[in-house]
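So the structure is just underneath, and the comments pick up after that.
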Amino acid sequence: MATEQEPIVLHPYYPRDAPLSHYVPSTFNVCEAFVTLGSAIAVLMFTSFVLIRKSRHQLTCTDKFVVVWMLVCAGIHIVLEGYFSFNHKNLAGMQTIMADLWREYSHSDSRYLTSDPFTVIMEGITAVFDGSFALVTVYGVLSDSPIR
């Protein structure tokens with residue numbers, strides 16, 4: 001009984017024989033992907049500054065830093081890692097800025113493109129729990145709640 005082998009697709013990731021039959025080279029420039037990521041982080045930082053100004057409580061410098069840091073962390077965990085969790089199987093062939101960010105990251109850790117089970121599970125857990133806890137922390141600091 002003959003079995004079909006996956007076609008060998010050349011890709012820039014290690015190991016070179018990693019099964020990425022759906023790999024398609026990116027149509028985006030790496031700079032475009034990083035500028036988009038930087039812009040999204042800048043929007044999150046601006047949002048945090050607006051929330052800080054609207055806070056009814058006097059916030060210390062440390063509190064302000066925590067709000068900015070946690071809101072950026074929440075965005076990264078929920079959006080970026082959530083995107084990976086939902087699209088890990090097709091990431092190597094997708095033509096989106098988010099996929100490009102993950103493909104760029106995969107140059108240092110190819111498990112992200114090969115759908116390594118541990119990596120997929122941990123990214124999913126991180127997206128759900130760390131992202132949510134970061135948002136709760138932002139709420140706690142801004143409302144001066146003991147939950148923080």
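The values are calculated or read from the model by the stated rules, or taken from the named source; none is laboratory data. Everything numeric here is computed off the predicted structure, so don't read it as measured data. Neighbour counts run over all protein chains shown; Cβ positions are idealised from the backbone, glycine included. To get the accessible areas, we keep the full protein, side chains included, count just its heavy atoms, and leave off ligands, DNA and RNA. Shrake-Rupley method; radii C 1.70, N 1.55, O 1.52, S 1.80 Å.
Residue count for segment 63-101 satisfying the condition of being in a helix (DSSP H, G or I), open to solvent by 20 Å² or more (accessible area, probe 1.4 Å) and over 25 Å from Thr47 (Cα atoms): 4. Taking the criterion of being more than 19 Å from Lys89 (Cβ to Cβ), at pLDDT 80 or above and not in a helix (DSSP H, G or I), the residues of segment 11-42 that qualify are Thr27, Phe28, Asn29. For segment 108-132, filtered to residues that are within 23 Å of Tyr14 (Cα to Cα) and aromatic (Phe, Trp, Tyr), the residue that is most open to solvent (accessible area, probe 1.4 Å) is Phe118. Report whether or not Arg148 is open to solvent by 80 Å² or more (accessible area, probe 1.4 Å) and either under 25 Å from Cys31 (Cα atoms) or not in a helix (DSSP H, G or I) (or both). Yes; evaluated as a whole, the condition is true for this residue. Checked against (1) part of a loop (DSSP other than H, G, I, E, B); (2) open to solvent by less than 50 Å² (accessible area, probe 1.4 Å); (3) more than 17 Å from Gly140 (Cα to Cα), Leu59 passes all but condition (3). For segment 102-117, a residue qualifies if it is in a helix (DSSP H, G or I) and over 16 Å from the mean Cα position of the chain (by Cα), and exactly one does: Pro117. Kindly evaluate Phe133 against the criterion of being assigned to a helix (DSSP H, G or I) and farther than 20 Å from Ala42 by Cα. Answer is yes for this residue.
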